[in-house]
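Below is one structure, written out as C-alpha cells; comments come after it.
Each value in this text was obtained by applying a stated rule to the coordinates, not by laboratory testing. Just so it is clear, the model here is predicted, and its values are computed rather than measured. Cβ placement follows ideal geometry from the backbone for every residue including glycine, while neighbour counts extend to all protein chains displayed.
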Amino acid sequence: MSDVYTLFHAESMGSVFTLAVLRVLDVKHNVVLLSFDSVAKKEDTPEYHQLVAASPLAQFPTVIAPDGTVLTEGAAIALYLHDKYATGTQWSTEHLSPSQLALYYRIMVFIPANIYPTFTALDFPARFVIVPKTTQVSEEAVCGWVEEKAKENNKATFKLLEKLLDTVENRTSAFALGTGNASLVDIYITLMAHYGPPSPHGWMEDNCPKVMACARETLKDPVLQQVFEVENKFAAQIRGPLHTE
C-alpha cells in the first residue's frame, strides 16, 4: 500500500491550510490541482469527477489517505495529521499547558464554525434563501441583503478571534498561544488573515492587530512562505506594511 496522501486543492482556497500542514509535517502527498470556478460551475473534467467521487460536496480540502479513507474539513484533517505525524516536532501540542491546549482546540473549531460560514454566505448567498414566487421582492435583492449581513458578521467574527488571542496571559511571542514556536492553529489563523475584510485603510491591522502579527510571525517559516506566497497567490499583503504614507 502506498504511503502517499492525495490532496484536492484549489489555489488560494481553504485547502492551502491542508497543503501547509502536509508540508511542515513532511508528509508524503500528491496534489490534484483544480480551479475553484471550474468546480463551482461543475465543469465536466476528470479531476472534477474524481473529486466528487471522494467528496459529493466537492470540498476544498478533500484528502484521500494512503488506505483509501477520505477526509474532509480543514480542521479535522489538521488534527488527524497532527496525531499521526507531529509527535516530536515543533508542531506537536505535547509541550502546551492545559490552558494553551484548550485555546488551541477552541480556535481550531471557532474558525470553521463561525468565520467560514460568513465567506460561504458571501460567495453563495442564494443557498440561504427561498424567495416565494408571489413576493414582489427579487431574489437578487434578497441575496444582496444576505451579502450585507454576511459582511457584518465577517467583521464581527474576526473581532472575536482577536479577543481570543487577547486571553493569552504572559505572552512571549506573537504566535496565537504565546508560545516560542508556531502551532498548526497559527497556520489556520494565517490563512484567515489573508481572507480578512478588504479595506484600503487596513481594516485588519486596525481591528485585529494580534491576528495580523501572528500571521506575519508564522510566515517567517520558509516552508510556509513557499506555500502561501509562491504557490498560492493571495491578494492580501501580510508580511509587508498595509498602510502607505
In deg cm²/dmol, rounded to the nearest 500, the helical mean residue ellipticity at 222 nm of the chain, built from -39500 (n - 2.57) for every DSSP H run of length 4 or more, is -14000 deg cm²/dmol
Whole-Å semi-axes of the chain's equivalent ellipsoid (Cα gyration tensor)
29, 26, 16
Give the span of the range 5-85's Cα atoms along each principal axis, as three whole-Å numbers ordered largest to smallest.
36, 25, 19
With +1 on the Cβ of every Lys and Arg and -1 on the Cβ of every Asp and Glu, and nothing else charged, how large is the dipole of the chain about its Cα centre, in debye rounded to the nearest 20?
320 debye
Two-site FRET efficiency, Asp166 against Thr134, from Cβ-Cβ distance with R₀ of 41 Å, rounded to 0.05:
0.25
Which of Thr87, Leu25, Phe36, positive extreme of dipole for the chain (C-beta unit charges)
Thr87
Computed over the range 98-231, the convex hull of the Cα set has an average projected area, in nm², of 9.9 nm²
Mind checking which aspartates and glutamates have their C-alpha under 13 Å from Lys220, skipping anything on the same chain fewer than 8 residues away?
Asp186, Glu229
For the range 129-170 and the range 17-44, distance of Cα centres in Å:
27 Å
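Size of the dipole of the range 1-139 about the Cα centre, Lys and Arg at +1 and Asp and Glu at -1 on the beta carbon, nothing else charged, in debye to 20?
Taking the Cα centre of the range 1-139 as origin, the dipole is about 300 debye.
Please find the FRET efficiency linking Ser97 to Asp123, where r is the Cβ-Cβ separation and R0 is fixed at 30 Å, and quote it to the nearest 0.05.
Numbers: r = 38 Å, r/R0 = 1.26.
E(calc), rounded to 0.05, equals 0.20.
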In nm, to one decimal, how far is the modelled label at Glu47 from the one at Lys28, with both set 7 Å along Cα→Cβ?
2.3 nm
Could you list which residues have their amide H under 5 Å from that of Thr62, counting only those 5 or more apart in sequence or on another chain, with H placed in the peptide plane?
Phe8
Return the lysines within reach of Lys133: Cα separation strictly under 26 angstrom, same-chain partners fewer than 8 residues apart disregarded; answer none if there are no such residues.
Lys41, Lys149
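What pairs in Lys155/Lys210; Lys84/Lys159; Lys28/Lys84 have C-alpha atoms more than 21 Å from each other? Provide the component values of the computation, followed by the final result.
Values: Lys155/Lys210 15 Å; Lys84/Lys159 33 Å; Lys28/Lys84 13 Å.
Over 21 Å apart, Cα to Cα: Lys84/Lys159.
On a full-extension model of 0.36 nm per residue, what is the gain between Asn153 and Ala113, subtracting their alpha-carbon distance, rounded to one decimal in nm? Can you show the working numbers first?
Values: separation 40, 0.36 × 40 = 14.40 nm, distance 1.25 nm.
Full-extension gain reported as 13.2 nm.
Exposure proxy check: Val27, Val63 ranked by fewest other beta carbons within 10 Å? Mind dumping the intermediate values first?
Numbers: Val27 17, Val63 27.
Ranking Val27, Val63 by Cβ neighbours within 10 Å, fewest first, gives Val27, Val63.
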